[in-house]
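Asker: Input: one structure, supplied below.
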Amino acid sequence: MTTTEAPPEERVFGQRLLRKEDPELLTGEARFVADVDVHGALYIALVRSTLAHARIVSIDVGPALEVPGVTAVFTGADLEQEWAGPLPCAWPVTEDMKAPTHLPLAVGKVCYTGDAVAVVVAESEYQARDGAEAVVVEYEPLPPVVDLGDAVSDRVVIHEDLGTNKSYTWELSPDAEAVDRAFAEATHRVHGHYIQQRLIPAAMEPRGVVVIPQPFGGEYTVISATQIPHILKVMLALTSGISETSIRVIAPAVGGGFGSKLDVYAEELLSLVLARRLKRPIRWIETRSEGTQATIQGRGQIQDIELAADADGRITAIRVKLLADMGAYLQLVTPGVPLLGAFLYAGVYDVPAYSFSCTSVFTNLTPTDAYRGAGRPEATYAIERAIDQLALEVGVDPAEIRRRNYIKPDQFPYNSVAGLVYDSGNYVGSLEKALDLSGYGELRKEQERRREQNDPVQLGIGLSTYMEMCGLAPSRVLASLRYVAGGWEAATVRLLPTGKVQVVTGTSPHGQGHETSWSQIAADRLGVSPDDVEVLHGDTAVSPYGLDSYGSRSLAVGGVAVAIATDRVIEKARQIAAHQLEAAEEDLEFTAGTFRVKGSPEKSMPLGAVAFEAFTAHNLPDGMEPNLEASSHFDPPNFTFPFGTHVCVVEIDTETGGVRLRGYTAVDDCGNQVNPLIVEGQVHGGVVQGVAQALFEEASYDSQGNLLTSTLVDYLVPAASEFPSLTTGTTVTPSPTNLLGVKGVGEAGTIGAAPAVINAVCDALSPYGIHDIDMPATPERVWTAIQEAAR
Amino acid sequence: MIPAKFDYARASSVEEAVRLLSSEEDSKALAGGHSLLPLMRLRIAAPTLLVDIGRIKGLSGVRDKGDAVGIGALTRHADVASDATVGREAPLLAKVASQIGDPQVRHRGTFGGSIAHGDPASDLPAACLALGASFVAVGPEGERVIPADDFFQGFLTTSLEANEVLTEILVPKAAGARWSFQKFNRRAQDWAIVGCAVVQNGLTRIGLVNMEAAPVRAKGAEEALADGASAGEAAGHASDGLEPPSDLNASSEFRRHLASVLVRRGLEEAGKS
């Protein structure tokens, strides 16, 4: 499969179409889970632990039962018999990985602030919350483990039955001796120690779930603000013991996820088993503050990266040691997040020797899990920060050190030292374009002027060239990483009697614009208008097969499946048209939605007419079944490897420590682009989320494990006013591993941004002798660093 | 938002509001709701009766009162920011109002609400201190005028009685005064980490944001200036006698430093105006 297509102007593929999803989102017509009004529903509210680590001595539900409207209260012990299995973790990364039993309601002890201990059921949401406040829980406090070093020491073991706080150690060390040798022989060695602070995903729509039971049929409709309706259905069946055939999961309009809705949560399971037990619909909508501790958090790693380099600054080996914070329990893919980064610490560089080791530990904090980029932003941050340190050590410009180390365009497909095969890339091309677009040379001159004038406002310029693996397939590779699911995606394409088109996809969009993009893919091949294509998704009754949306997989796997299914429909249509036109199939050409007999253009049949013939089945070839419908279950041969270069320009007020983002240039390459407008949107959102980690966001805890940033007043999600207009550019290096030549772009911006920003901050502070600063680079951190450097 | 249970009453006159506020111990006046409702949502505040004064006629708008500009307590920040009289006679206020929160906050939040809440992190109290404003309050005993200097007592505590309604803010006209407003924060929508309002009209008055439990003046810097100190020297005394709070955005020590930088900049900018 090496055919790739460059999109010419007139094709629907590659057009900057406005999103067909937007009118209903912008006018408020879209129905999110909170808009689902179910007659007779009961509302639940959870009683959550106020301590990070404690034994539950007693739970007095009596006062809650006195609250008007409260119909029932259940503790963890009350519901213990309801579970056929614990909350699932689908990625046991090693054979001997330690995983604590994680029940939707804690039994015996609580392991983080926010851990649910009881559920209150009431006739209204307000009454449920009042009831939850009335439940009296007596705790015996235990010493909390909030620090990763403390966790490793096993001073306090959180899950006594496991005997240790260490969940697993995972290593990737193809040739340890080669690494040792390279370090021994190196001219330059640099060591970076970086902290990936915990982040709160803060999707615009909080989580929520409604479960509607059919009391007589024993069936359950689960409507959830989820990224993963298909996976959720399987997991609900496994944990509740309800047959998979009796569960239908619907993801309605979903307002963002960033990985936080790539999970199976206690509230989903509780709602299902309470609907079974009480035979009433159950409803739960998360509050924002609740979401800061009851929804997974991202990152949470301490990284040590060492580079060995020769006299010219060419990297000869990389050694990485990681300490990863799992939080109190393992959620759906928690243990796998560091592995997604493990393959990328060599980044875009031609590195001959590599070793990686990760130890993952439990703490008394909210569980971590995949958050936009999941492992890859962390890895990219480490290598892109470290290579700037190497540039300092060698004494060359950050752009030059990168040029010396890039994998060259003619080295693709490239066998990486970590064992991946990079599909395609042109890293130096991306760098040169980004330098050009950002006016790099002029910026360096301005920086020089400000330094000479001792300007209180100093300029910093930061680069990062990222590359990431996305698509998360093929399934066999996922098996070798011990991921429990596959990496394929399903699509069905059908032509309706009137010539309109239905695309059924197993991906589950929650803001990405799949309806528009998948319409473009199908319309482009069928020669119809994208307006004539309907995309169905997010309902396991409508699209029975699917693996949902995460990891920038939707287009590179699911979009390609749509293209393959569309081509299969066209092939069947060709047979019908040939039959009807009394021509041989090979004599037909299919252009602009019409079959024509080559050389006899008057003999033609539009696709719509073929669709109607397929529907009536009055005159089909012998033995052919009616209707035009085809499916694909596409399992890609490789990941895709998007890349790009970002240039960040900051101004630092050295008197206040304030960092102002003055300019940001992002040149991204995601192969062929189905819709450049959507690509730009993804890059904008992604960059903002990466900048947020670098400058604004941090889930802060006190020494007792209490979350200090439990509202959006304290957890600083930046807004438009904190950003300059972004400059975006693209290069197009198609992926040779799929029919469309596409790569993912959903996480790219986030992956590239954080190191570019911190490199810029450190660049500005370089004259003070400051070469590292923790994220987020707050004014006080910057000011303190300047003060300490002056001492 | 899930606040605790409360009763709600809408007052159609100041007198009715006072009567309603007096009728229950844990009553609270509701205007734009931008300070009170977030506290109720987090169940930090749980008044049993909310008296909505938002529709009382005559409490909104800007009036020329001869020596002073009278600003109705219900006047929205956006209206203060764009009012011609305010722009002419007290331009500092227009500037301050234009930077409060975000556009939604500026179109719902009220001047009087911000003052009555007495949040040290709010900008308007500091501006009122610098401008030497005073506040008109109506209670069961009638009307009284409270100078800004006597109004802010402690954290979210003012000299307003629980059954008094703040009706108007009186700002002395100071068309020729030199002024500056400095606000330092991480996001434009946030409260200031530290802010300062400087007004020079013969004497210099400096109001500080987020430098004490209550809105305060930078007395140390003001006195230094009166004794002839330069802007830079005076700014070094910006936090004299104050105990700035310490939180996730800034330690107490960093706030002292920021106050000195911002007061110096404020004095320099005012000097140029």
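Every read-out reported here was derived from the displayed coordinates using simple, explicitly stated rules and does not represent laboratory data. Here the structure is a predicted model, which is why all the values come from computation and not from measurement. All Cβ positions, glycine included, derive from the backbone under ideal geometry; neighbour counts span all protein chains shown.
Asker: What are the DSSP H helices in chain B that stretch 15 Å or more along their long axis, judged by alpha-carbon atoms, and whose average Kyte-Doolittle hydropathy comes to at least -1.0?
Answerer: Helices meeting the criterion: B:252-272.
Asker: Just need log10 I(q)/I(0) for the stretch B:62-172 at q = 0.14, 0.17, 0.18, 0.22 Å⁻¹, Debye formula, equal scatterers on the alpha-carbon atoms, no solvent, rounded to two decimals.
Answerer: -0.49, -0.73, -0.83, -1.24
Asker: So which helices of chain A fit the span-like rule, where a helix is a whole DSSP H run, its Cα atoms reach 20 Å or more along the axis, and its mean Kyte-Doolittle is at least 1.6?
Answerer: Span-like helices here: none at all.
Asker: What number results when the radius of gyration of the protein assembly as shown, computed over Cα atoms, is divided by 2.2 N^0.38 Å? Don't jump to the answer; show the numbers that get you there.
Answerer: On the way: Rg = 31.6 Å, N = 1064, 2.2 N^0.38 = 31.1 Å.
For the protein assembly as shown, the normalised Cα radius of gyration is 1.02.
Asker: For the stretch B:136-234, rounded, prolate or oblate, judged on the Cα gyration tensor with a ≥ b ≥ c (square roots of eigenvalues), a/c < 1.5 rounded, else prolate if a/b > b/c?
Answerer: Working: a/c = 2.04, a/b = 1.50, b/c = 1.36.
Here the stretch B:136-234 falls in the prolate category.
Asker: A further question on this structure: Would the stretch A:48-136 count as rounded, prolate or oblate if I go by the C-alpha gyration tensor, calling it rounded below 1.5 in a/c and otherwise prolate when a/b exceeds b/c, oblate otherwise?
Answerer: Prolate, since a/c reaches 1.5 and a/b exceeds b/c.
Asker: Please find the FRET efficiency linking residue B:98 to residue B:227, where r is the Cβ-Cβ separation and R0 is fixed at 35 Å, and quote it to the nearest 0.05. Before the final figure, lay out the partial values.
Answerer: Numbers: r = 34 Å, r/R0 = 0.97.
Result of the calculation: an efficiency of 0.55.
Asker: Considering the zone a paramagnetic label at residue A:25 would reach in this model (a point 7 Å from Cα along the Cα-to-Cβ line), which residues of the stretch A:738-755 have amide N under 16 Å from it?
Answerer: Residues A:745-747 fall inside that zone.
Asker: Using R₀ = 51 Å, calculate the FRET efficiency as 1/(1 + (r/R₀)^6) where r is the Cβ-Cβ separation of residue A:133 and residue B:175; round to 0.05.
Answerer: Given R0 = 51 Å and the Cβ-Cβ separation, E is 0.45.
Asker: Let me ask something else about it. Using a 10 Å cut-off around each Cβ, can you sort B:191, A:284 from fewest to most neighbouring Cβ atoms?
Answerer: Going from least to most buried by this count: B:191, A:284.
Asker: Taking Cα atoms of the stretch B:7-51, Rg/Rh with Kirkwood Rh, to two decimals?
Answerer: 0.97
Asker: So, one more: In nm, give the distance between the simple-model label positions of residue A:39 and residue A:711, each being 7 Å from the Cα along the Cα-to-Cβ direction.
Answerer: 3.9 nm
Asker: A follow-up question, please. Report, as a whole number in µm² per second, the diffusion coefficient that Stokes-Einstein gives for the stretch B:178-272 at 20 °C and 1.002 mPa s using the Kirkwood radius over alpha carbon pairs.
Answerer: 166 µm²/s
Asker: Separate question: Describe numerically, in nm with one decimal, the distance between label points set 7 Å from Cα along Cα→Cβ at residue B:143 and at residue A:219.
Answerer: Going by the 7 Å Cα→Cβ label model, 7.0 nm.
Asker: Still on this model: Could you give me D for chain B, from Stokes-Einstein at 4 °C and 1.567 mPa s, where the hydrodynamic radius is the Kirkwood radius over C-alpha pairs? Units µm² s⁻¹, please.
Answerer: In µm²/s, the coefficient rounds to 69.
Asker: Now, a different point. Which whole-number value in Å³ per residue fits the convex hull of the alpha carbons of the stretch A:635-676?
Answerer: 118 Å³
Asker: Let me ask something else about it. Excluding same-chain residues fewer than 8 positions from residue B:219, which aspartates and glutamates have a Cα within less than 14 Å of its Cα?
Answerer: Qualifying aspartates and glutamates at Cα under 14 Å: B:149, B:227, B:233, B:240, B:243.
Asker: Then there is this: Based only on the alpha carbon positions, what is the Kirkwood hydrodynamic radius of the stretch A:693-791, in angstrom?
Answerer: 16.7 Å
Asker: Could I ask something else about it? Calculate the spin-label point distance for residue A:156 paired with residue A:604, positioning each point 7 Å from the Cα along the beta-carbon direction, and give it in nanometres.
Answerer: Result: 7.7 nm between the two label points.
Asker: Rg over Rh of the stretch A:549-621, using C-alpha atoms and the Kirkwood radius, what does it come to?
Answerer: So for the stretch A:549-621, dividing Rg by the Kirkwood Rh gives 1.13.
Asker: Counting only residues 5 or more places away or on other chains, whose amide H sits under 5 Å from the amide H of residue B:69 once H atoms are built in the peptide plane?
Answerer: So residue B:69 has HN proximity to B:171, B:173.
Asker: While we're looking at this one, here's another question. With the cut-off at 1.5 for a/c, could you classify the stretch A:234-344 from its C-alpha gyration tensor as rounded, prolate or oblate?
Answerer: It comes out prolate by the Cα gyration axes.
Asker: Determine the calculated [θ] at 222 nm for chain A from helices alone, applying -39500 (n - 2.57) to every DSSP H run no shorter than 4 residues and normalising by the residue count; nearest 500 deg cm²/dmol. Could you put the intermediate results ahead of the total?
Answerer: On the way: 21 runs with 227 residues, N = 791.
The helix contribution divided over chain A gives -8500 deg cm²/dmol.
Asker: If you don't mind, another one. For the stretch B:7-51, what relative contact order do you get, as a whole percent, if you take Cα pairs closer than 8 Å and at least 6 residues apart?
Answerer: 52 percent
Asker: Here is a follow-up. So for A:622, A:548, fewest C-beta neighbours within 10 Å to most, what's the order? The partial results should precede the final answer.
Answerer: On the way: A:622 5, A:548 27.
So the ranking, lowest neighbour count to highest, is A:622, A:548.
Asker: Continuing with this model, one more query. Using a 10 Å cut-off around each Cβ of peptide B:182-189, what is the average number of partner chain Cβ atoms that fall inside?
Answerer: Working: counts 0, 0, 5, 3, 10, 9, 5, 8.
Mean inter-chain Cβ contacts per residue within 10 Å come to 5.
Asker: Would you mind getting me the FRET efficiency between residue B:156 and residue A:191? Use the beta-carbon distance for r and R0 = 60 Å, nearest 0.05.
Answerer: On the way: r = 49 Å, r/R0 = 0.81.
The formula returns an efficiency of 0.80 here.
Asker: Moving on. Test of understanding: ordering A:302, A:200 by Cβ neighbours within 10 Å, fewest first, what list do you get?
Answerer: A:302, A:200
Asker: In debye to the nearest 20, how big a dipole does the protein assembly as shown give about its Cα centre with +1 on each Lys and Arg Cβ and -1 on each Asp and Glu Cβ?
Answerer: With only Lys, Arg, Asp and Glu charged at Cβ, the dipole is about 900 debye.
Asker: Please list the non-local residues whose amide H lies under 5 Å from the amide H of residue A:208, H modeled 1.01 Å from N, same-chain partners needing a gap of 5 or more.
Answerer: A:225, A:286
Asker: Rg/Rh for the stretch A:136-287: what does it come to with C-alpha atoms and Rh from Kirkwood? If you can, show how the numbers build up before the last one.
Answerer: Values: Rg = 22.8 Å, Rh = 19.9 Å.
Dividing the radius of gyration by the Kirkwood radius yields 1.15.
Asker: Given 0.36 nm per residue, what is the gain on full extension from residue A:177 to residue A:571 after removing their alpha carbon distance, in nm?
Answerer: Values: separation 394, 0.36 × 394 = 141.84 nm, distance 5.47 nm.
Taking residue A:177 through residue A:571 to full extension adds about 136.4 nm, to one decimal.
Asker: Let me ask something else about it. What is the set of long-range amide H partners of residue B:168 at a cut-off below 5 Å, with H atoms built 1.01 Å from backbone N?
Answerer: Here the answer is B:73, B:136, since their amide H atoms fall under 5 Å of that of residue B:168.
Asker: So if each residue of separation counts as 0.36 nm, and I subtract the Cα-Cα distance between residue A:312 and residue A:587, what length gain in nm does that give?
Answerer: Full extension of this stretch gives 92.9 nm more.
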